[in-house]
1. Could you look through segment 32-77, keep only residues that are in a helix (DSSP H, G or I), in contact with a Phe, Trp or Tyr (Cβ under 9 Å, 6 or more places away or on another chain) and not charged (D, E, K, R), and pick out the one that is surrounded by the fewest Cβ atoms within 10 Å (Cβ to Cβ)?
2. Test each condition in (1) in a loop (DSSP other than H, G, I, E, B); (2) touching a residue at least 60 places away in the same chain (Cβ under 8 Å) for L219 and report the one that comes out false.
3. Identify, by number, the condition in (1) more than 30 Å from H389 (Cβ to Cβ); (2) in a helix (DSSP H, G or I) that G242 doesn't meet.
4. For the condition among the aliphatic types (A, V, I, L, M), over 19 Å from I154 (Cα atoms) and touching a strand residue (DSSP E or B) at 6+ places or on another chain (Cβ under 9 Å), what is the one hit in L50, L91, L46?
5. Considering G125, G106, which residue is part of a helix (DSSP H, G or I) and within 21 Å of M381 (Cβ to Cβ)?
6. Go through the residues of segment 123-137 one by one and say whether even a single one is surrounded by fewer than 24 Cβ atoms within 10 Å (Cβ to Cβ), under 18 Å from the mean Cα position of the chain (by Cα) and in contact (Cβ under 8 Å) with a residue 60 or more places away in the chain.
7. Restricted to segment 178-198, and to residues that are part of a loop (DSSP other than H, G, I, E, B) and surrounded by 17 or more Cβ atoms within 10 Å (Cβ to Cβ), which residue is farthest from the chain's Cα centre (by Cα)?
8. Could you please let me know if F301 is surrounded by fewer than 21 Cβ atoms within 10 Å (Cβ to Cβ), of a type in the set (F, W, Y) and touching a residue at least 24 places away in the same chain (Cβ under 8 Å)?
Amino acid sequence: MEVEQVMNGLMWKHSGEPEFLQAVKEVLESIKDVYNQHPEFEKAGLIERLVEPERVYIFRVPWTDDQGGVHVNTGYRVQFNSAIGPYKGGLRFHSSVNLSIMKFLGFEQTFKNALTTLPMGGGKGGSDFSIRGRSDAEVMRFCQAFMQELYHHIGPDEDVPAGDIGVGGREIGYLFGEYKKLTHQFQGVMTGKGMEWGGSILRPEATGYGALYFVNQMLQTHDIDIKGKTVAVSGFGNVAWGAAKKATQLGAKVITISGPDGYIYDPEGICGEKIDFMLDLRNSGEDICEPYAEKFKEAQFFEGRKPWEQKADIYLTCATQNELNGDDADRIMACKPLCVAEVSNMGCTAEAVEKFVHAHQLFAPGKAVNAGGVATSGLEMTQNSMRLHWSATEVDEKLHYIMHSIHEQCVKYGTQPDGYIDYVKGANVAGFMKVANAMMAQGIV
């Protein structure tokens, strides 16, 4: 495989999809050596099939606001790869959503899900609808209109969506309710459901919890104790909330969070009622940082800036893709951190990742670090299929095991001759080999 040749073909076909092309290039660069050891992959056109989604649905979503005005948004569902199980991946409602972002997320999800050891393929969906400033009734009408089209293409053994940016418990409830009405079926077709109707304990916190389990494992591999370390976190949604909670429980101190309006630096640590306040503001759809600084006077608000300028031991991207760039990476490495990890999907630009790996910075990619969320969604699917409800202890034990297994796979495939663990390469190769072997076994489909 010649990476440049493959990328030239993709750029010609998909020139307007930079996020998707970035995600594909990262994976191809990581797996090329392993791929070229398997001539049967080349003969079967495996890469050509792997980088194209199995199918993509794009549809209009008309809905009315509280004043009777008609709006039309675009809906997407990218069913990327089903080699190891039904499509699995979240729904994102945000004004930035487009086909490139949906395809990049679906591509990443394919390998992330493979790393979990659970039987889940990769998919992603969403809409350019923004919940910001919308009433509950408007959000409900939009979710119902969205599901009226999506329900044709999903099911517990076909495609199981979940939440993502802009899609939390409220939105999952509206989506599931409409699916149930349309199909007359109470099925495990969505994850992230409420506890009373098929949801799994720990699912809202799972991405952040799993990320800290992974980061802690990285540190322990280098005989470093997370207790007493400072943590810079971006974002303020469920992911950042879960990461802040678990980091605090493990004895670390979270000193930053961020939102669209800027970031908060809180030297006393973001814990207890401050973490609860984060979630309240997230659910309100309003800006978080300025209200946080008004409520907690020891905190400083930095308008329009990013938290990576603060000195910390551990840096965690928990907001969105490409939120940490090459200049941010230089700033972070000048602080000589212990660890940097993507808790958001592709939270770092390609330039930033290259700088971290080149400098042998302890760094882990999103497809490994943030797999705890989809892993717990997979556990929710299992509970739904078995008509069982596991305790918090049972779910947490399984989440621990899955994140430990992912770390082991990354170390196995990513350890370099000089001893440096390239977690980017390790995660990509481990996920690729599982998907590739499954695709080969199933023929040219």
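Values quoted throughout were computed directly from the atomic coordinates according to the rules given, and no laboratory measurement underlies them. Keep in mind it's a predicted model, so treat the numbers as computed, not measured. Don't worry about glycine lacking a Cβ; one is built from the backbone with ideal geometry, like all the others, and counts go over all protein chains shown.
1. Narrowing segment 32-77 to residues in a helix (DSSP H, G or I): 32-35, 39-43, 46-50.
Next, only the ones that are in contact with a Phe, Trp or Tyr (Cβ under 9 Å, 6 or more places away or on another chain) stay: 34-35, 41-42, 46-47, 50.
Checking the rest, the ones that are also not charged (D, E, K, R) come to 34-35, 41, 46-47, 50.
Values: V34: 17, Y35: 21, F41: 21, L46: 20, I47: 21, L50: 23.
So the residue we want is V34.
2. L219 satisfies all of (1) in a loop (DSSP other than H, G, I, E, B); (2) touching a residue at least 60 places away in the same chain (Cβ under 8 Å) except (1).
3. Of everything listed in (1) more than 30 Å from H389 (Cβ to Cβ); (2) in a helix (DSSP H, G or I), G242 misses just condition (1).
4. Details: L91 fails: over 19 Å from I154 (Cα atoms); L46 fails: touching a strand residue (DSSP E or B) at 6+ places or on another chain (Cβ under 9 Å).
Result: L50 is the single residue among L50, L91, L46 that is among the aliphatic types (A, V, I, L, M), over 19 Å from I154 (Cα atoms) and touching a strand residue (DSSP E or B) at 6+ places or on another chain (Cβ under 9 Å).
5. Working: G125 fails: part of a helix (DSSP H, G or I).
G106 is the lone residue from the list that is part of a helix (DSSP H, G or I) and within 21 Å of M381 (Cβ to Cβ).
6. No: zero hits.
7. Our first condition is that a residue be part of a loop (DSSP other than H, G, I, E, B); within segment 178-198, this holds for 184-194, 198.
If we keep only those that are surrounded by 17 or more Cβ atoms within 10 Å (Cβ to Cβ) as well, we get 187-193, 198.
Working: Q187: 24, G188: 21, V189: 19, M190: 16, T191: 14, G192: 14, K193: 18, G198: 22 Å.
The selected residue is Q187.
8. In short, yes.
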